[in-house]
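Colleague: After the structure tokens below, expect a handful of questions from me.
The values are calculated or read from the model by the stated rules, or taken from the named source; none is laboratory data. No experiment lies behind these values; they were computed from the predicted model shown. Cβ placement follows ideal geometry from the backbone for every residue including glycine, while neighbour counts extend to all protein chains displayed. Remember, those area values only see protein heavy atoms, side chains included, never the ligands or the DNA or RNA. Shrake-Rupley method; radii C 1.70, N 1.55, O 1.52, S 1.80 Å.
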Amino acid sequence: MKKRVNKILKNALRILNIRILNRALLGPHVVSIHVSSSCDDSCIFCLYHSPYSLKPPTFDPDVFMDVDQFQRLIIELEKSHVDMILLAGNGEPLEHPLIGEYLQFIDQRGIETVVRTNGIGLRRKIGNLTTLHHIRYCISLHAASPETWTSIHLGKSETDYWDIMDYMRGLPPETSRRFSLSNALCRLNYSEASEMVTLAHTLGVNGVDFQPVMYTGLEKMALDRIGIYGEERRVFRRKLLEAREVARKLNVRSNLDYVLLTLSGIGDPEDETLAKNTRALYQHIACYIGYWFSVIEPDGEVLPCCGCSESLGNIGTTSFEGIWTSNRYQEFRRKAKRQEFEDLHGCRCWDCVHYRINAKIHRALHPLYGFRRLMGSPLKRYYKV
């Protein structure tokens with residue numbers, strides 16, 4: 001209870017910082033740490049490890065965050081009042097050879113942490129780490145059947161899928177609740193959306209999340225296989241509506257309300273693809289992610305958003321606090337808040353993954369906005385979420 005109250009107070013202070021001071025006096029609410037760029041999987045739609053990926057020429061698939069750098073960072077984040085750490089990124093975090101030590105170190109610091117993993121070799125990778133009090137796991141499954149799973153996790157076998165299922169089914173109920181499932185949806189798997197919800201219920205995990213696959217950064221050959229276009233979008237939406245009803249009946253936590261709002265069209269209604277277009281939304285609200293979130297790459301580079309590629313500093317040469325409070329970071333916040341998105345070089349603002357966070361912050365900053373100006377605005381629906 002005390003932790004929850006502290007989190008509410010800290011987030012209220014962050015809102016005040018945005019509203020009045022225009023500076024970040026507290027650390028971010030969430031920090032995404034990419035401890036590994038290596039991955040033992042090749043998901044067809046992965047922007048870095050898919051054989052169809054148009055990955056940046058500078059991407060190195062074998063970078064691991066140094067232990068001293070990691071421990072210094074965690075101590076800093078604790079002092080900066082960070083509420084949550086997300087271990088995810090452009091690789092498999094559980095591939096880091098020291099991941100056990102890293103998770104134990106975070107747990108000792110008492111920072112709530114979510115590890116996003118592909119689930120392959122889970123028994124070997126996790127071991128007894130499921131007993132850590134502050135660590136939870138999200139399995140990027142992307143399927144509810146072995147046939148669909150192997151069509152997405154390229155080069156893997158149905159045996160790998162059943163290994164994950166056997167591990168999860170063998171967990172005691174109190175441990176299962178430390179896990180959740182995640183599914184990136186495309187043409188190959190959206191028909192199983194209801195089955196994905198049912199699987200979450202069967203495994204006893206703490207919910208299931210969905211998101212449409214991003215179409216940027218992939219070769220046309222992949223888009224032809226995974227893309228959802230034209231009239232098929234209607235079928236896709238119907239499948240999600242059905243899955244939402246299953247989730248309600250089984251009392252399974254999901255983000256399907258949020259996903260369905262995404263598909264309601266926050267962008268160009270004539271767009272023939274299912275890709276998000278948040279241009280219309282950001283004509284009405286600003287971006288506040290620079291006060292709320294930060295990304296740290298395996299080599300120590302600090303990014304203001306996972307949709308941005310331009311580094312604002314490196315924790316190998318400057319402390320995270322020094323970067324977070326730097327003029328350069330502040331300039332990013334200023335431009336984003338003033339909606340000067342064209343000047344945010346290297347950021348995919350029109351395909352924003354954090355628009356719901358920004359809409360919620362906007363609601364907190366402008367509580368009367370909906371009564372005065374929201375009728376007919378694409379922002380109207382976000383005041384229902």
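Colleague: Among what's in segment 167-187 and is hydrophobic (A, V, I, L, M, F, W, C) and in a loop (DSSP other than H, G, I, E, B), pick the residue that is nearest to Val259 (Cα to Cα). First the steps, then the outcome.
Modeller: Start the filter on segment 167-187 by keeping residues that are hydrophobic (A, V, I, L, M, F, W, C), which leaves 168, 171, 179, 181, 184-186.
After this cut, where a residue has to be in a loop (DSSP other than H, G, I, E, B) as well, the list is 171, 186.
Numbers: Leu171: 29, Cys186: 13 Å.
Filtering first and then ranking leaves Cys186.
Colleague: While we're on this one: Check every one of the helices (runs of 4 or more DSSP H) wholly within segment 188-263 and list those with 1 or more residues that are touching a helix residue (DSSP H, G or I) at 6+ places or on another chain (Cβ under 7 Å), among the aromatic types (Phe, Trp, Tyr) and under 26 Å from Thr117 (Cβ atoms).
Modeller: Here the list reads 256-263.
Colleague: Mind checking which pairs have a first residue in segment 198-227 that is in contact (Cβ under 8 Å) with a residue 24 or more places away in the chain and under 19 Å from Leu181 (Cβ atoms) and a second that is in a helix (DSSP H, G or I) and of a type in the set (S, T, N, Q), Cβ under 9 Å, 6 or more apart or different chains?
Modeller: Cβ pairs passing all conditions: Leu203/Ser176; Gly204/Ser176; Val205/Ser176; Asn206/Ser176; Gln211/Thr262; Pro212/Thr262.
Colleague: So, of the residues in segment 335-346 that are of a type outside the set (Phe, Trp, Tyr) and in contact with a helix residue (DSSP H, G or I) (Cβ under 7 Å, 6 or more places away or on another chain), which turns out to be surrounded by the fewest Cβ atoms within 10 Å (Cβ to Cβ)?
Modeller: Narrowing segment 335-346 to residues of a type outside the set (Phe, Trp, Tyr): 335-340, 342-346.
Applying the additional criterion that residues be in contact with a helix residue (DSSP H, G or I) (Cβ under 7 Å, 6 or more places away or on another chain) yields 335-336, 339, 343-344.
Details: Lys335: 19, Ala336: 25, Gln339: 15, Asp343: 12, Leu344: 21.
Applying the filter and picking the extreme gives Asp343.
Colleague: Could you give me the residue pairs with C-beta distances under 7 Å whose first residue belongs to segment 159-172 and is open to solvent by 60 Å² or more (accessible area, probe 1.4 Å), whose second residue is assigned to a helix (DSSP H, G or I) wherever it lies, and which are 6+ apart or on separate chains?
Modeller: Trp162/Pro146; Arg169/Leu203
Colleague: Also, I was wondering about something else. Residues of segment 291-334 being without any contact (Cβ under 8 Å) to a residue 40 or more places away in the chain, open to solvent by 50 Å² or more (accessible area, probe 1.4 Å) and within 18 Å of Val30 (Cβ to Cβ), which ones?
Modeller: Hit for segment 291-334 is Glu301, nothing else.
Colleague: Follow-up question, since we're still on this one. Considering only segment 81-94, I want to know if a residue exists there that is more than 21 Å from Asp299 (Cβ to Cβ), at pLDDT below 95 and either open to solvent by 10 Å² or more (accessible area, probe 1.4 Å) or small (Gly, Ala, Ser) (or both).
Modeller: Applying the first criterion (more than 21 Å from Asp299 (Cβ to Cβ)) to segment 81-94 yields 81, 83-84.
Next, only the ones that are at pLDDT below 95 stay: 81, 83.
Checking the rest, the ones that are also either open to solvent by 10 Å² or more (accessible area, probe 1.4 Å) or small (Gly, Ala, Ser) (or both) come to 81, 83.
Yes, because at least one residue in segment 81-94 is more than 21 Å from Asp299 (Cβ to Cβ), at pLDDT below 95 and either open to solvent by 10 Å² or more (accessible area, probe 1.4 Å) or small (Gly, Ala, Ser) (or both).
Colleague: Still on this structure, please answer the following. I'd like to check something: does segment 130-151 contain any residue that is more than 26 Å from Gly204 (Cβ to Cβ), polar (S, T, N, Q) and under 20 Å from the mean Cα position of the chain (by Cα)?
Modeller: Scanning segment 130-151 turns up no residue that is more than 26 Å from Gly204 (Cβ to Cβ), polar (S, T, N, Q) and under 20 Å from the mean Cα position of the chain (by Cα).
Colleague: Checking the conditions here, which among Ile33, Ile75, Ile8 is over 21 Å from Thr318 (Cβ atoms) and of a type in the set (A, V, I, L, M, F, W, C)? Steps first, answer last, please.
Modeller: Details: Ile33 fails: over 21 Å from Thr318 (Cβ atoms); Ile75 fails: over 21 Å from Thr318 (Cβ atoms).
Result of the check over Ile33, Ile75, Ile8: Ile8.
Colleague: In segment 318-333, what residues are within 20 Å of Gly346 (Cβ to Cβ) and part of a loop (DSSP other than H, G, I, E, B)?
Modeller: Correct list: Thr318, Ser326.
Colleague: Just checking, which of Tyr369, Tyr355, Tyr329, Tyr382 is modelled with pLDDT of 85 or more, touching a helix residue (DSSP H, G or I) at 6+ places or on another chain (Cβ under 9 Å) and among the aromatic types (Phe, Trp, Tyr)? Let's see the steps before the verdict.
Modeller: Working: Tyr369 fails: modelled with pLDDT of 85 or more; Tyr355 fails: modelled with pLDDT of 85 or more; Tyr382 fails: modelled with pLDDT of 85 or more.
Residue meeting the stated conditions: Tyr329.
Residue-wise test of (1) open to solvent by less than 40 Å² (accessible area, probe 1.4 Å); (2) free of Cβ contacts under 8 Å to residues at least 60 places away in the same chain.
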site: Leu9; (1), (2): no, yes
site: Ala12; (1), (2): no, yes
site: Asn17; (1), (2): yes, no
site: Cys39; (1), (2): no, no
site: Cys43; (1), (2): yes, no
site: His49; (1), (2): yes, yes
site: Val63; (1), (2): yes, no
site: Gln71; (1), (2): no, yes
